[in-house]
1. Taking the condition under 23 Å from Phe206 (Cβ atoms) and free of Cβ contacts under 8 Å to residues at least 40 places away in the same chain, does Lys80 pass?
2. Considering only the range 241-250, I want to know if a residue exists there that is away from the ligand (no atom under 13 Å from the Cβ) and either surrounded by fewer than 22 Cβ atoms within 10 Å (Cβ to Cβ) or not in a strand (DSSP E or B) (or both).
3. Where residues in the range 190-207 are within 17 Å of Lys268 (Cβ to Cβ) and away from the ligand (no atom under 14 Å from the Cβ), which of them is surrounded by the most Cβ atoms within 10 Å (Cβ to Cβ)?
4. Being under 29 Å from His174 (Cβ atoms), in a loop (DSSP other than H, G, I, E, B), of a type outside the set (Lys, Arg) and more than 16 Å from the ligand (Cβ to nearest atom) is the requirement here; does Leu29 meet it?
5. Scan the range 277-302 residue by residue and report those that are open to solvent by 20 Å² or more (accessible area, probe 1.4 Å) and more than 16 Å from the ligand (Cβ to nearest atom).
6. Does Asp13 fit the bill of being over 22 Å from the mean Cα position of the chain (by Cα) and open to solvent by 30 Å² or more (accessible area, probe 1.4 Å)?
7. Just one of the numbered conditions (1) surrounded by fewer than 24 Cβ atoms within 10 Å (Cβ to Cβ); (2) within 14 Å of the ligand (Cβ to nearest atom) is not true of Pro274; which one?
8. Could you please let me know if Ser210 is surrounded by fewer than 19 Cβ atoms within 10 Å (Cβ to Cβ) and either touching a residue at least 40 places away in the same chain (Cβ under 8 Å) or among the small types (Gly, Ala, Ser) (or both)?
Amino acid sequence: MLQAMNDSFKVIDALADGEKLDVLQYQTLIEAMTPELAGYAADIADKVRRKIYGTDVYIRGLIEVGNVCRNDCFYCGIRKSNSMCERYALANETILNCCAEGYKLGFRTFVMQGGEGAMSVDAVCDTVSQIKREYPDCAVTLSLGEYSRDDYVRMFNAGADRYLLRHETADKEHYRKLHPAGMSFDNRMRCLHDLKDIGFRTGCGFMVGSPFQTSFTLAEDLAFIGKFDPDMCGIGPFIPQKDTPFGKFSAGSVQQTLFLLSLIRLIKPNILLPATTALGTLSPNGRELGIKAGANVVMPNLSPLSERRKYALYDNKLSTGTESAQSLALLKESVKNIGYKIVTARGDIKK
Ligand code: SAH
């Protein structure tokens, strides 16, 4: 037992030295998590991050462009079949107003996220090119789901810099349990590879504690990150939304999310790693804990206040307080209190 524990600490050291593990080694590590091991991983992940990014924490203004969605993911509150979801789609001018407000606050990256089909591809391209024209010093990230390669090329040519598409799970069987028959693991992977190939700075990611997830599927997620080599990775705990098929499942663990953040930082030292809203929703100081565990990005909400509650991916999703772009001063203070610094910058990956 003692030997096994010591081994896990050594495996963390090996990861920090740049060694890649295989799926079974990741699985053993995930199963070996204790508060001590997680604390150790967080300390080393923090050191690794400081070497590359210092204490800088990048901010992204998150604009939830609409919750209309053609997909029906079993976990998601804005899935097509959720008749309780009050739908909205932002007009182009509204998105530009969000950017104007965000720019004044100090945001230099805008993230347009939404349900699939909430905006037409034409509208996405028009909006992106307008944002890039008005704010040439800003980056635009899209997080709008699955499209054809041609559509992604159009979005890229319109000026979008980055694309976030969580892979959700790197296990094909697990993917099938989280999504209806019309959606496929292969297409999700096709999208990720196309995005990278087209030239987007690409992000993947997954929920921690999603239904039917195991230490093995999580290990596959870590191995996938090592192999795919994304620039960004969004992870946060699964949180049930009561009107979805997964409404009765329990939420993922904050502790495990923090441990995985540290492991991802070690697997890819220069990755851009957000402390997500879901983490902040489950734990009052979740975001601060995430930063301490290795995260270096936060994405405050810049959506119009009147629509925010409608983008209900899961129950009790935070969108006010320090999750709100308008409360940036509060966020700066809380990040400063734990020894880091919110900076006004595009926050590109350091290669
Ligand atoms: N349509 C876009 C954006 C989806 S919402 C896309 O497909 O990429 C962004 C992310 O929220 C999803 O990728 C998913 O990982 C996460 N999410 C959805 N429902 C959730 C839930 N119930 N709990 C936690 N995270 C959830």
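1. On the way: under 23 Å from Phe206 (Cβ atoms): yes; free of Cβ contacts under 8 Å to residues at least 40 places away in the same chain: yes.
Judged against the criteria, Lys80 is a match.
2. Residues of the range 241-250 that are away from the ligand (no atom under 13 Å from the Cβ), as a first pass: none.
No, because not a single residue in the range 241-250 is away from the ligand (no atom under 13 Å from the Cβ) and either surrounded by fewer than 22 Cβ atoms within 10 Å (Cβ to Cβ) or not in a strand (DSSP E or B) (or both).
3. Residue satisfying both the conditions and the ranking: Arg201.
4. Details: under 29 Å from His174 (Cβ atoms): yes; in a loop (DSSP other than H, G, I, E, B): no; of a type outside the set (Lys, Arg): yes; more than 16 Å from the ligand (Cβ to nearest atom): yes.
No; evaluated as a whole, the condition is false for this residue.
5. The initial filter retains those residues of the range 277-302 that are open to solvent by 20 Å² or more (accessible area, probe 1.4 Å), namely 277, 281-282, 284-285, 288-289, 292, 299.
Pro284, Asn285, Glu288, Leu289, Lys292 - these are the residues of the range 277-302 that are open to solvent by 20 Å² or more (accessible area, probe 1.4 Å) and more than 16 Å from the ligand (Cβ to nearest atom).
6. Numbers: over 22 Å from the mean Cα position of the chain (by Cα): yes; open to solvent by 30 Å² or more (accessible area, probe 1.4 Å): yes.
Here the answer is yes, as Asp13 does meet what is asked.
7. (1)
8. On the way: surrounded by fewer than 19 Cβ atoms within 10 Å (Cβ to Cβ): no; either touching a residue at least 40 places away in the same chain (Cβ under 8 Å) or among the small types (Gly, Ala, Ser) (or both): yes.
Judged against the criteria, Ser210 is not a match.
The values are calculated or read from the model by the stated rules, or taken from the named source; none is laboratory data. On a predicted model such as this, the values are computed, not experimentally measured, just so you know. Because the Cβ atoms are built from the backbone with ideal geometry, glycine has one as well, and the counts that use them run over all protein chains shown. To get the accessible areas, we keep the full protein, side chains included, count just its heavy atoms, and leave off ligands, DNA and RNA. Shrake-Rupley method; radii C 1.70, N 1.55, O 1.52, S 1.80 Å.
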